[in-house]
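Take a look at the structure set out below.
The values are calculated or read from the model by the stated rules, or taken from the named source; none is laboratory data. None of the values given here were measured: they were computed from a predicted structure. FYI the Cβ positions are ideal-geometry reconstructions off the backbone, even for glycines, and counts take in every protein chain you see. The protein model used for the area step is the full one, side chains on, heavy atoms only, and it has no ligands, DNA or RNA in it. Shrake-Rupley method; radii C 1.70, N 1.55, O 1.52, S 1.80 Å.
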Amino acid sequence: MITHRPRRNRKNQIIRDLVQENTIGVNDLIYPLFLIEGKNKKTAINSMPRINRWSSDLLLKEIESCMKLGLKTFALFPNISDKLKDKAASESWNKKGLYLRTLKEIKKKFPEVVIMTDVAMDPYSSDGHDGLVKNGKILNDETLEILARMTLAQAEAGADIIGPSDMMDGRAGYLRDALDENDFTDVSIMSYTAKYASAFYGPFRDALDSAPKFGDKKTYQMNPANSKEALLEAELDFSEGADFLMVKPALSYLDIIKSLNDNFTLPIAAYNVSGEYAMVKAAAAKGWIDGKKVRDEILISIKRAGASVILSYFAKEWALDNKK
Ligand code: PBG
């Protein structure tokens, strides 16, 4: 006699829906957007089909079309021209520069959308690193001063959430203090808590032309072989006042998402990164997998692992396909 027959709870779609433990909604998704200088410009990124770099006028339209699908939160990344890059990433706090100008325009036109900014030197750095480089070394504490300057400029321009993605030590607390001392107590910090030195960032670096000019990022981003270290990073970010703890990439790090969610009371975010997107798109284009089904399975697995917030290049197409 078989007393337990779990298949009974799978016998039709209605029952399957009744017992479904996790769901995805537009409220869970953050859509990353790439920005370029110019007017009426939209440039494709070869390794990321359907994702473009937008000039600010078209970016506003893109945000509007996403809002119609119910998306409300966007992460903004700038493609900065090489001639504006320098060692100190000084373009990052230039109020008249592409990023801060556009941020202001977005918040003026759509005060209700939530914009998460990127706090890191690499899009603006002539070295292509997330920290200040001296004699081939990435300096930690000197970088914090630059990140604070960038953070305050972004807060002034209207950032709702700042996203430090650099992995310097002590930055969550340093940036929290800088924000609070300048009356930006309402600006949130989504810390890239456990950001691994990953080959899955390749297409993103193509999108921003931000690959490191020498070496790699292993002296600041984490070793993919480690998980306890993620707990240490989470403890530090928690105690330094971060509002969200992020794991990045997502798919090869579902165990890390679960571990942080089991051990911390803060909401966990996961970044379903560019390489994860590119793999699905490439295999789907060859007809080797069903791209939409794989996409949905990936998103729900990230949710199931414990992420309540998912940054994903799939956000818009998911919202389109699941329009109510
Ligand atoms: C850099 C940054 C990276 C991503 C977001 N911010 C790349 C890197 O660390 O080199 C990657 C995002 C993606 O691959 O989608 N500060």
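Just want the answer: with Cβ charges of +1 for Lys and Arg and -1 for Asp and Glu, which residue in 152, 79, 58 is farthest toward the dipole's positive end in region 46-183?
My answer, from the dipole projection, is 58.
Please list the radius of gyration and Dmax for the chain, considering alpha-carbon atoms only, with Å as the unit.
19.9, 75
How large is log10 I(q)/I(0) at q = 0.13, 0.14, 0.17, 0.18 Å⁻¹ when the Debye formula is applied to the Cα atoms of region 172-248, each weighted equally and without solvent?
Values, matching the q order: -0.51, -0.58, -0.79, -0.85.
Over region 1-142, what number does the Rg to Rh ratio reach, with both radii from the alpha-carbon atoms and Rh per Kirkwood?
Reported Rg/Rh, Kirkwood definition of Rh: 1.20.
Suppose all protein chains stay in the model; what accessible area per residue would a 1.4 Å probe give for region 234-291, in Å²?
42
Between 319, 110, 223, whose Cα lies farthest towards the positive end of the dipole of the chain when Lys and Arg beta carbons carry +1 and Asp and Glu beta carbons carry -1, centred on the Cα centre?
319
For region 81-140 and region 247-277, what is the separation of their Cα centres, given in Å?
Centre-to-centre (Cα) distance: 25 Å.
Please give the per residue accessible area of region 128-221, computed with a probe of 1.4 Å over protein heavy atoms only, in Å².
40
Accessible surface of residue 238 in the full protein assembly, 1.4 angstrom probe, to the nearest 10 Å²?
For residue 238, the solvent-accessible surface is approximately 100 Å².
Express as a percent, rounded to the nearest 5, the fraction of DSSP beta bridges in the chain (both residues included) that run antiparallel.
Given both bridge residues lie in the chain, the antiparallel proportion sits at roughly 15 percent.
Beyond a 18 Å Cα-Cα separation, which of these cross-linked pairs lie in this structure: 258/303; 39/61; 61/108; 87/107; 195/217; 72/324?
87/107
Quick one: angle between helix 56-68 and the longest Cα principal axis of the chain, in degrees between 0 and 90, rounded to 10, please.
30
Could you state how much accessible area residue 26 has, in square angstrom rounded to the nearest 10, with a 1.4 Å probe and all protein chains kept in place?
Probe radius 1.4 Å; accessible area of residue 26 about 40 Å².
Please report, as a whole percent, how much of the solvent-accessible surface of the chain comes from carbon and sulfur atoms (probe radius 1.4 Å).
Of the solvent-accessible surface of the chain, carbon and sulfur hold 51 percent.
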